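**Q** Got a structure for you, written out below as structure tokens; questions coming shortly.
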Amino acid sequence: MTSDSGPRMKITYATLRADNEELHAGFEAGVERVRVRLGASHRNLVDGAWRDGNGTFEVRSPIDTDIVLGQFAMGTRADVDAAVAAARRAQPAWAATPWGERLRILRAAAELISERLMDYAAVMAFECGKTRMEALGEVEEAADLIRYYAQTMEDNNGYDHPMGNLGDAAVHTRTILRPHGVFGVISPFNFPMALASGPIAGALIAGNTVVFKPASVTSWSAVVLTQAYVDAGVPAGVLNLVMGPGATVGQALQDHPGIDGMVFTGSYEVGMALYRSFTTRWPRPCIVEMGGKNPAIVTRHADLDEAAEGIVRASFGFDGQKCSANSRVYVEQAVHDDLVARLVARTQALRVGDPLLRETFMGPVIDQRAVDRWGAAVADARRDGRVFTGGERLAGGIMARGFFVEPTVVGGLPAAHRLFQDELFAPFVAVHPVASLDEAIGLANDSLYGLTAGIYSEDRAEVDRFLDRMQAGVLYVNRRAGSTTGAWPGIQSFGGWKGSGSTGKAGLGMYYVAQFLREQSHTIVD
Ligand code: NAD
């Protein structure tokens, strides 16, 4: 894909406005360059060679199902076998490559991703319906993840440290962290660049090699991302890509005895099944990052305007299809009606439509299943409570052949209702009045999940109580840019507690790369 250096104003998920004309012109030029590549064929990467699969599968755009994004090689178990074999062959030399050299190559990949910002963002806009701001932010994140993880490797001197000797100068002991071997990387559709680039970088920096399997609907992102690593000089076999729809490739990967570790990001159901089966022979490292049902708490000491903006951004940014999306709000009774009125006004002002257009805040959801999940939730809310705003499918004009729904705010439901428990992954937020902050924290923690949470309160004691008692990996206080969303590498570590993640160590943070390593102690006596 051609490169475009573009302007260097960095967009993050917390960027509130972008009136930089150059940035918009750059993105629009990227869209045109990508448009002429629609429908092209893409292959798997095994041992440094792009190769066919067993036929192809087609992917269409959620914006307009008449748009064919491409034909992608259908990976098989045999492709997984070949990719794992190549990764095993390549691993000893990659691990023996001085880590400084590994970092040089990976940082080159980060530079290439940044140079290709506009094209890669345009691919994602077509492919998963991200608006330009979300897509530009994600490409920047994909590059910054590499840079930040490289920095952590340096900060820890490659995880090679001298230890003590109990006073005997003839005894020299070091502790070193060493790679496991080959990691499988399985990524979700909703952050197809960042949640592939980050795990791949973590594994490679640590000296492992990788077999990468993306969500099938976002295979195009996977191909262009993989290309950046290849162009940066990642040697043959060190990074392999096998694509395919359904569970075939992912299942083959998790069943494979040649895989030494797994990093999976996706749903609770698939992640838990993988976690249970992956460790049957011996405890292979298995990093699973799963779903969320993320609450925001609003007390009567909140700035309600700030709260409403943060909640709307986090509930409806990328259509609520972020693992960190805000989908539950617990608000003190005294300010419930005021907050709901502000949420409704802000939600009704959102522009839903073609994500390629500058003014659009919300594009389509990913597929018909997402529309159906959202529709069932709306029906439940109508039956058991109230729809404050939204609730209709949109099908006019440009939206006739895509998956467009209204951002929806509901309430009047019992606290135990499934709409406060199930991850919907759709633009849908449920509001519930509470008598106190303690009740709110209790309800917020009464969840399978523990990924992100937010609070709005100007009372420091309330904030401290929230920070002390919330069972979630990522907490935000009084954040206008997003009540529960918008973490950035090296700024907010991002990982789930409870049913949201397996290791208690987060992505985007300082302990991430160490998860791809195992410790060895060397004692040498003179
Ligand atoms: P998904 O679970 O449907 O798919 C994730 C990946 O698993 C895809 O690549 C898919 O092809 C693959 N897969 C499917 N069956 C498999 C099997 N049997 N074995 C191995 N792999 C298999 O998830 P999705 O719909 O792509 O993504 C949305 C989900 O991801 C949401 O639940 C969201 O909360 C979660 N998510 C979590 C985080 C996080 O950091 N915690 C980040 C993003 C998304």
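**Q** So, R0 is 60 Å and r is the distance between the beta-carbons of A400 and I176; what FRET efficiency does that work out to, to 0.05?
**A** Efficiency computed from Cβ-Cβ geometry: 0.50.
**Q** For the range 294-489, what is the convex hull (Cα atoms) projected area averaged across all directions, in square nanometres?
**A** Mean projected area for the range 294-489: 10.5 nm², to one decimal.
**Q** Follow-up question, since we're still on this one. Can you say what percent of the DSSP beta bridges in the range 294-489, counting only those with both residues inside, are antiparallel? Round to 5.
**A** 20 percent
**Q** Quick one: pull the percent of accessible area on the range 30-142 belonging to carbon and sulfur, 1.4 Å probe, ligands and nucleic acids left out.
**A** Exposed carbon and sulfur together represent 51 percent of the surface.
**Q** Can you tell me what share of the DSSP beta bridges in the range 27-155 is antiparallel? A percent to the nearest 5 is fine.
**A** Here the share of antiparallel DSSP bridges comes out near 75 percent.
**Q** Let me see the P(r) profile for the range 320-382: every Cα-Cα distance counted, bins of 10 Å, each bin given as a percent of all pairs.
**A** 16, 39, 36, 8, 0
**Q** Could you do me a favour and compute the accessible area per residue for the chain, 1.4 Å probe, result in Å²?
**A** Result: 36 Å² of accessible area for each residue.
**Q** Please compute one quarter of the surface area of the Cα convex hull for the chain and express it in square nanometres.
**A** Averaging across all directions leaves 25.0 nm² for the Cα convex hull.
**Q** Right, next: Mind checking the angle between helix 268-278 and the chain's longest principal axis? C-alpha axes, 0 to 90 degrees, to the nearest 10.
**A** Once rounded, one gets 20 degrees.
**Q** Using only protein heavy atoms and a 1.4 Å probe, report how much of R35 is accessible, in Å² to the nearest 10.
**A** We get 100 Å² for R35.
**Q** Another question, then. Rounded, prolate or oblate, given the Cα gyration tensor of the range 188-288, with a/c below 1.5 counting as rounded?
**A** Oblate, since a/c reaches 1.5 and b/c is not below a/b.
**Q** Using alpha carbon centroids, what distance separates the range 465-526 and the range 167-233, in Å?
**A** 17 Å
**Q** How do R351, R43 rank by accessible surface area computed with a 1.4 Å probe, from largest to smallest?
**A** Final ranking, largest accessible area leading: R351, R43.
**Q** Another question about this same structure. Per the 1.4 Å probe, what fraction of the accessible area of the range 337-415, in percent, lies on carbon and sulfur atoms?
**A** Looking at the range 337-415 in its full context, I get 50 percent from C and S.
**Q** I've got another one for you. Of M510, M362, which has the most accessible area with a 1.4 Å probe, and how do the rest follow in descending order?
**A** Output order, biggest surface exposure first: M510, M362.
**Q** Next question. How would you classify the range 368-417 from its alpha-carbon gyration tensor, with a ≥ b ≥ c the square roots of the eigenvalues: rounded for a/c under 1.5, else prolate if a/b is greater than b/c, otherwise oblate?
**A** Prolate, since a/c reaches 1.5 and a/b exceeds b/c.
**Q** Can you tell me, using C-alpha contacts under 8 Å and at least 6 residues apart, the relative contact order of the chain as a whole percent?
**A** With pairs under 8 Å counted, the relative contact order is 18 percent.
**Q** Let me ask another. With the Cα gyration tensor of the range 37-156 giving a ≥ b ≥ c as the square roots of its eigenvalues, does the rule (a/c under 1.5 for rounded; else a/b larger than b/c for prolate; else oblate) give rounded, prolate or oblate?
**A** oblate
**Q** Output the peptides 415-424, 48-57 sorted from most to least packed, where packing is the average of other Cβ atoms within 10 Å over each peptide's residues.
**A** The packing order, highest mean first, is 415-424, 48-57.
**Q** Considering only C-alpha atoms, what is the centroid distance from the range 252-310 to the range 73-110, in Å?
**A** 25 Å
The values are calculated or read from the model by the stated rules, or taken from the named source; none is laboratory data. Everything numeric in this text was worked out from a predicted model, so none of it was measured. Neighbour counts run over all protein chains shown; Cβ positions are idealised from the backbone, glycine included. Calculation scope for accessible area: heavy atoms of the full protein, side chains included, ligands and nucleic acids excluded. Shrake-Rupley method; radii C 1.70, N 1.55, O 1.52, S 1.80 Å.
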